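Every number here is computed from the coordinates shown, using simple stated rules; none is lab data. Given the structure is predicted, the values throughout are model-derived calculations rather than measurements. Don't worry about glycine lacking a Cβ; one is built from the backbone with ideal geometry, like all the others, and counts go over all protein chains shown.
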Amino acid sequence: MTPAILISRHPRTAVRLSGPLNRAAVVVAILVTLTSSFDIFLVLEAGGNYRFCQIITPVLICLAIVKAARCGTIPVLGALPLSIWFLFQILFIPAAGFWPKSLGYCLWLLLNFGLLFSYVQLFGDNFTLLTRVLRWYVYSFALIASFGIVQFILPVLGFGGLFVKQWWIPGELARVNGFSYEPSYFATYLLVGFVFTGALRRNRSSLLPSINLLAIYWLTAIGIILSSSRMGIVFLFVDVFLSQLKPWFSFFADFLKGHIIFFKLRALLPSFLSIAFLGVIVVGASTAIERSPAIALMFLNGTGISDTAAHSVIERENALGETLTVFLEHPLIGRSLGGVSAAIADLQGEKVNSFEASKNFEGMSVFAEALAASGVIGIIPFVWFLVTTILKPVRLARLASPFYSVLLRALVRSLVFAWAILQFNQNMLRPYLWVHIAILVTVYTAALQSANAPADLHSSSR
């Protein structure tokens, strides 16, 4: 007989974890979200690098298995294509030049799959727990962004850099990286939070008070700017620009119909503020460049613009070219996820014999990486998973209650931005990407199981 401490019965027919284990699940889930961007802090080095969020994920998996064993398994959106793609990666391990890394990547992918499974089983049918995890997920971006801001301020005040990996001016002006390997990784992580909270704020989500969402929105924006990641800043501008199209189109449509009333201008206030935000950045940057051209040259260095060195652009182009070359040389089955770096090393006449050495030969663009790892056959389930986790939540958002509809649209929008910016970086196993996908498929499950979900959608939840 199951001890009472483990399982307690729901008033209806479901069987749920007891209060203590529910709280434990929430705490572990919060810790996973808070540490999902950690690359240089709370990391265990044992052959490969094992991040704190990955180390504690098995706890969630165990709790989810206990619950699934008693209640039955809740279907996970995208589970079938992800399982098939994982199988391909396992089968392709022998094709890797340095198989231990491929094995390690398969383990990471399995943990990510376990994360999706755990979130859905533990929180997909419990509105109270889900909203608690969601709120902490949003707050986690604020906490990490705040640390990045402090990381920038400390050297300016003469206190030295805290976990700083790159500098504009050594010891004085930091390129903020938070707890990530480098500024671009930090900006990629914060971009997810920036786009997500921005979408929640614009659509008046009831998840958090609007003032809280606004504060987190600005904190993440400042964090991205202080990282000085050019791609991060470009995607920040793209999101701000795209977010202003709808209210202006609506305004001009009303104007052409002769329906303009003064109070409708209030709807454009957020748009004016966003435009002002961009204007302040542009004017500030222009003023700084005018007073000190060296600042512009420092920021443009690596792009090849204005006669500056083009090493950053060239490195990305070369890495992308080499990643695609690996695919062209092994188009059918690929070299497995962890085998791409060893294959790139082979192209350069080098041999990879350790995890550390493989870091010098990483690929570029996660889609190119998936193609080189999986080949034309193995890439099919990956694309299937990608399309499923975007299109089905969008479809359900049209029919779900306002609370879930806003969440689903915001989560999908930020996921699309994450996939887009990762085309200029690597790799696809970044924990914060999979935490976000886990949150998305869990909200999808909750919306599907709510009273507002139409019955015909239940048959297509996978």
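Table for the structure above
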read-out: Exposure proxy ranking, count of Cβ atoms within 10 Å, fewest first, for His436, His330; value: His330, His436
read-out: Förster-model FRET efficiency, 30 Å R0, Leu245 and Trp99, C-beta, rounded to 0.05; value: 0.05
read-out: Rounded FRET efficiency, nearest 0.05, which uses the C-beta distance separating Ala68 from Leu328 and R0 of 45 Å; value: 0.60
read-out: Net length gained if the chain between Ser210 and Asn353 were fully extended (0.36 nm per residue, minus Cα distance); value: 46.3 nm
read-out: Label point at Leu107 placed 7 Å out along Cα→Cβ; residues across region 50-67 whose backbone nitrogen lies under 11 Å; value: 50-51, 55
read-out: Net lengthening on full extension, Leu44/Glu172 (0.36 nm per residue, minus Cα-Cα); value: 43.1 nm
read-out: Spacing of the two label points (7 Å from each Cα toward its C-beta) at Arg398 and Ala420, in nm; value: 2.2 nm
read-out: Extension reserve of the Arg135-Val383 stretch, reckoned as 0.36 nm per residue once the Cα distance is removed; value: 86.3 nm
read-out: Cα shape, region 24-105, gyration tensor, a/c 1.5 rule; value: oblate
read-out: Cα shape, region 50-154, gyration tensor, a/c 1.5 rule; value: oblate
read-out: Neighbour-count order for Leu399, Leu407, Leu34, fewest beta carbons within 10 angstrom listed first; value: Leu399, Leu34, Leu407
read-out: Packing-based ranking, highest mean first, of 381-389, 182-190 given that Cβ atoms within 10 Å are counted; value: 182-190, 381-389
read-out: Long pairs among Lys101/Lys165; Lys67/Lys392; Lys101/Lys392, criterion Cα-Cα beyond 31 Å; value: Lys101/Lys392
read-out: Ranked Glu362, Glu322, criterion: other C-beta atoms within 10 Å, fewest first; value: Glu362, Glu322
read-out: Efficiency of FRET between Gln449 and Phe367 - r from beta-carbon atoms, R0 45 angstrom, step 0.05; value: 0.90
